[in-house]
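Heads up, the thing below is written out as structure tokens.
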Amino acid sequence: MSVLVVDDFQTVREMMKGCLRQLGYQDITLACDGAEAVELIKSKQFDLILCDWHMPKVLGIDVLRAVRKSPAGKGIPFILATSESEQGCVLQAVDAGVSNYIIKPFTVDTLKAKIESAFKKAKAMASLPG
Amino acid sequence: MIKNYSSKLKNMKLGKKFLLTFSSIVVLLLSVTLGVVEVFTKAAVTDRVEQDLSKAQYVLETFNTNQIDNLFLIARAVADAPIMKSLMGVEGIDHETMLQTLEGLSETITSDHLSVTDMNGTLLARTDKPEETDVDYAQRPDVESALVGEGMPFVWSEGEDAPIYQVATVPVSMEDRPIGSLSVGVKITDETAERFQKMTGAAMAVIADDHVAAHFGVDASIFKDILASGILEVEHAKPKMFTIQGERFFAAVSNLDENSERFHAILVTSIDKAMAFYHDIQMMMLVVGIVGLIVASFLTSQASKALIVTPVTNILNATEEVRKGIFTNKINVKSQDEIGVLSTNFNHMMDDLKSSKEAVDNYAKNLEGMVGERTAALKTANGTISAMINSLGQGFMVVEAGGSINPIYSKACEYLIECIPAGKRIWDVIPHPGKEPEKLWTALFMETLPFEDLAGLCPATFKHSQDRHITLTYNAIRSDDGGIESIVVVATDRTSEVQAMQAAERERNYANMVVRISKNKKQFAVFTKLSKDLLTETLNESQKEGPDFDLLFRLVHTIKGGSASFSIISVKDLAHSTESYLYGLKRNECEDPAAALAKVRAQSVEMADAFELFLSENRNLIGADMAADTVQIPLVRLKKFSEKLAELPEGATWQAVFEEEFIMEPIKNGFSHFDDMVDPIKERLGKEVNPINFINGDIKVKAEVYTDLFGAMIHAIRNSLDHGLEIPEEREAGGKPRAGNLSFEFNKERVENKDWLTIKFTDDGRGINPANIREKLIRLGREQEAKDLSDEDVIQKVFDAGFSTKDEVTETSGRGVGLDAIAFEAGKLGGFARVFTRLGEGTTLVVSIPTVEGKAQIREAKMAI
């Protein structure tokens, strides 16, 4: 199971990595901005993506769109991480096909629940035609 | 009657046509009637009863959970009440006083049971059995749990005939240590079951172990029989069917107490009673069918009129009258031919029609009465339900797909959300923070993400004009296929809980302040004096035309730090607010600089007033000596001083001895209160930090000389806490212990014939990344510096005024004030500050200043030049 974590703050990246480790994920790739993430997606197949929303230049939604456009990207669980519960960005992300969202900072338990829900949602999305 | 007509018409041509038309209409009507009757089949009724019982079960479980939650909130509020703590904290308080207080509290919160135990689980007082004392409750699981600081819900009964209580037991704590337990309980009685039946229609019994402890709706013997069938062993599931005493029932079980598994509720609905009710309706339908048949025969007669045409003028005229509803003018029968027979029969039929019409009228009258009765019964039932929901004090609104609110809502909404919500759209009633509330609600109903996740985006509170604290929760009502049919919004007034919490918070702050002031009396005296100066300077500077915002900002920041470290919340909050305005002003980012400056000026006055008020309110606590520069000297020290004077060595002066004994003091005294400041900050940031380590803290210095510098070192600690030390998870990931380390090392050194005092402040955090500093310099338009300076030199830029690589501003630090204050204070004393860092390993801040003697040497050297 390979996971991609995208965030422009090192602290947040490390925190997310720590949480994922606790949940048993070993193969974790860190990207420090959207552009790096988009490049990584081209060369590697990920099973789960955890991505910050507000980043310089390439935004979270751009990463999301790039993932959904990629050949096998329709069914990849994509969790958007925001700093506060901002309705606008979540609804925008829903339109772009996000699997769930999470508010930073979060606990391991919350992350676990969100990942489970995201896998369900992504599975349902992948089975849709078109 | 029908048979008569058909036998006479059997051999006639017209008769054949008549028969054909009439019988087809009869067959049609009968089949329609039978079809309607078919709808109310047995199976449909049974399904409905089962569904209703499932709903009742859901209502019961929701009520039970809410009840437990409410009991807990109340129990915690009571346990946190200062009066409770002071009662429990007193050794050997008499039972009478304890009981009186408990009874007063119990009346306030309208509980049926309120009791407290000491740390051993021995009962101290109990309101429902006041005479009972010295009972050992230590074995009760809820009390046991509360005594180790946790607490749990519990259902509790003291025997077969004793009442059942639903109880919430919580610890009573003092300084975070439990000193006893407190239980709040409400009785579960027959009335509880009765109220429940009125609300849901289901009969209910409460089972304690294996006996019926309370019940309503059906005879206790029925519950006993259901119980005997072993229903409790079945996992909580769908309702089950039983036949008891010849009557069929659906029964369902809910667990009332998951901890003990001893208390259950059985809900029961009679299938046969429901059948009887629907049977009545069936009868009504049949009656309607028969009436229809008669009307049809009347209509058929009209139709036959069209078949038998003009030649039969008499019949035509007569039928014309019949059409008008006149049944009295009979046709004169002249012949016995087909028309004659028809006329005779027509006359008969007219008689029959007349009586039929009377019958129809009667039925209609009866029907009206029956419908009236049913409507009245329904109205009463609806009224009862509304009254119950209204009496709950919570606001209930049902939002339909599309966002509009159902006309039926609970009365409390009008007060809680300050409008009549019926027919309005939810986002017009409750302001939503986002721009697209309609889109959000569409997403909610369609569940584009799980309901709970999207509901998290809806407002959680309502801003009430009277400052009530209103919370909002969202619950989905689902149809059988799992889709969301409607969403119930529940508004609850939590003001009293919030106020209780705020009061507790205030008390805690006050206690903190007292502890800190008494622990650090000396620093506090210095702080008081310093603050007065700072406040005066702030006041003067802010009133100037075109004030120096950098200076003001530094002043206010220092006031904030000092007042925070002694928990003087009023001054701290004002300083924080003033600082925000100044931050905007100094960076030229204010939309309305004039208004911001006015605010700064006004708040400078308020801050000075708040500080004066604090001093006068706490004069007793602080002590009159705080205001003046008074010193307390222990007798032993005076004695030691006189001994030293008596044995003065060659070359020494008594001034030197005096200074050594009374003026100089261990340097760590100037830093010891920093630990108190670290605690609340690290908690807020979710970081773990060990107590500060002092190395060579016993070096003696003339503290008053360094007061400003030592005070400014606060900023170094704040910077380390905020930016340097990582959160525990990140530290672990980097192979470091979870808790961060901070240390102060003090040294006196002699360099180039001068005495220097060196303060090294070290953290083992992530270090400063020179790349970040360069990036920031470039952003500030200082590319050249970023390019030319070495890594070691570039990080010294952290001492520049207004320099911060973090974009967010926290309450602790991040506005770029701090390290520059240290450099400034060191400079004032003729010294300097420098920072050393190793990425991933930590940062050391070194401040070197000439000692008082060293300073004299420098002055001499300067004069020599």
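We did not get these values from a lab; they are worked out from the coordinates using the rules stated. Everything numeric in this text was worked out from a predicted model, so none of it was measured. Counting neighbours? That spans all protein chains shown, and the Cβs are built from the backbone with ideal geometry, glycine included.
Computed values, structure above
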item	result
Size descriptor, Kirkwood hydrodynamic radius, that averages inverse alpha-carbon separations across the range A:2-126, Å	14.1
Contact order normalised by residue count of chain B, Cα under 8 Å, 6+ apart, percent	6
Under 17 Å from residue B:198, Cα to Cα: aspartates and glutamates that are on another chain or at least 8 residues apart	B:52, B:61, B:190, B:219
Rounded tilt (10° steps) of B:13-39 against the dominant C-alpha axis of chain B	30
The range A:2-126 - charge dipole about Cα centre, Lys and Arg +1 at Cβ, Asp and Glu -1, debye rounded to 20	480
Dipole magnitude of chain B about its Cα centre (Cβ charges: Lys, Arg +1; Asp, Glu -1), debye to nearest 20	3660
Eligible lysines near residue B:599 by straight Cα distance, threshold 18 Å, same-chain separation 8 or greater	B:544, B:560, B:572, B:586
Hz values of 3J(HN,Hα) by residue in the range A:26-37 - Karplus curve (6.51, -1.76, 1.60), Gly and Pro given as x	10, 8, 10, 10, 10, 10, 9, 7, x, 4, 4, 4
The range B:565-593 and the range A:59-111: distance between their alpha carbon centers, rounded to Å	36
Length-normalised contact order for chain A - Cα pairs under 8 Å, 6+ apart - percent	23
Number of partner chain Cβ atoms within 10 Å, mean per residue of A:89-101	4
Nonlocal amide H pairs with residue B:742, under 5 Å, H built at 1.01 Å	B:690, B:693
Angle between chain B longest axis and helix B:635-646 axis [Cα atoms, degrees, rounded to 10]	20
Phi-based couplings in Hz for the range B:699-710 (Karplus 6.51, -1.76, 1.60; Gly and Pro marked x)	4, 8, 9, 7, 4, 4, 5, 9, 3, 5, 5, 4
Other-chain or far-sequence residues with amide H under 5 Å of residue B:207's (modelled H)	B:213, B:264, B:265, B:266
Other-chain or far-sequence residues with amide H under 5 Å of residue A:58's (modelled H)	A:34, A:35
Extent along principal axes [Cα atoms of the protein assembly as shown; Å; largest to smallest]	166, 77, 58
Per-residue ³J(HN,Hα) for the range B:125-139, Karplus 6.51 cos²θ - 1.76 cosθ + 1.60, θ = phi - 60°, Hz, x for Gly and Pro	6, 8, 6, 7, 9, x, 6, 7, 9, 6, 7, 9, 9, 4, 7
Gap separating the Cα centres of the range B:442-512 and the range B:279-293, nearest whole Å	50
Acute angle (nearest 10 degrees) that the helix B:338-391 long axis makes with the longest principal axis of chain B, alpha-carbon atoms	20
